[in-house]
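The values are calculated or read from the model by the stated rules, or taken from the named source; none is laboratory data. These numbers were taken from a predicted model, which means no experiment stands behind them. Neighbour counts are summed over all protein chains in view; Cβ atoms, including those assigned to glycine, are modelled from backbone coordinates with ideal geometry.
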Amino acid sequence: MKSASSKLALSLQRDALRFAEADQDGNMELTFDEFIQMQPQQVREQHGVETLRGWFEAADTDSSGSVSINEFLLWCVMSTRSHPSVLPCSRCQPTSLPSARAAAGR
Ligand SMILES: [Ca+2]
Ligand SMILES: [Ca+2]
């Protein structure tokens, strides 16, 4: 029986690999172009560039205009879209957002 934590570690490893593959110039930062190209075509067509832009900005927590490996992995953990089956919903809520806390609390 596999524990949830080893499953999470595995998915993080896979995400780190995806990051390395997407980082075409190898500077350990993903630009928006690189971020878009790492998404499967199906995802791009389904969600559109504007939604992807929203994901990119959500991942770029220090607003530097690019997503570092740390930002990317954090985003993967926070994102229910990426791994809906791995993470329980209670852990996916972005506690830093006041509106989300208010919605959950009252
Ligand atoms: Ca890059
Ligand atoms: Ca950044």
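For this structure, a couple of remarks:
- Among the residues of the stretch 14-28, those identified as free of Cβ contacts under 8 Å to residues at least 40 places away in the same chain and within 13 Å of the chain's Cα centre (by Cα) are R14, R18.
- Residue match in the stretch 91-99 (condition: surrounded by 14 or more Cβ atoms within 10 Å (Cβ to Cβ), more than 16 Å from ligand 1 (Cβ to nearest atom), at pLDDT below 95 and not basic (K, R)): yes
- Any hit, the stretch 51-58, residues being within 15 Å of the chain's Cα centre (by Cα), among the basic types (K, R) and within 15 Å of S79 (Cα to Cα): yes
- Test for S63: is it at pLDDT 95 or above, within 16 Å of ligand 2 (Cβ to nearest atom) and outside any helix (DSSP H, G or I): yes
- Within the stretch 52-81, the residues that satisfy the criterion of being among the hydroxyl-bearing types (S, T, Y) and either touching a Cys at 6+ places or on another chain (Cβ under 8 Å) or within 16 Å of ligand 1 (Cβ to nearest atom) (or both) are S64, S66, S68, S79, T80.
- Considering the stretch 3-41, and only residues there that are within 16 Å of ligand 2 (Cβ to nearest atom) and part of a loop (DSSP other than H, G, I, E, B), the residue that is farthest from S63 (Cα to Cα) turns out to be D25.
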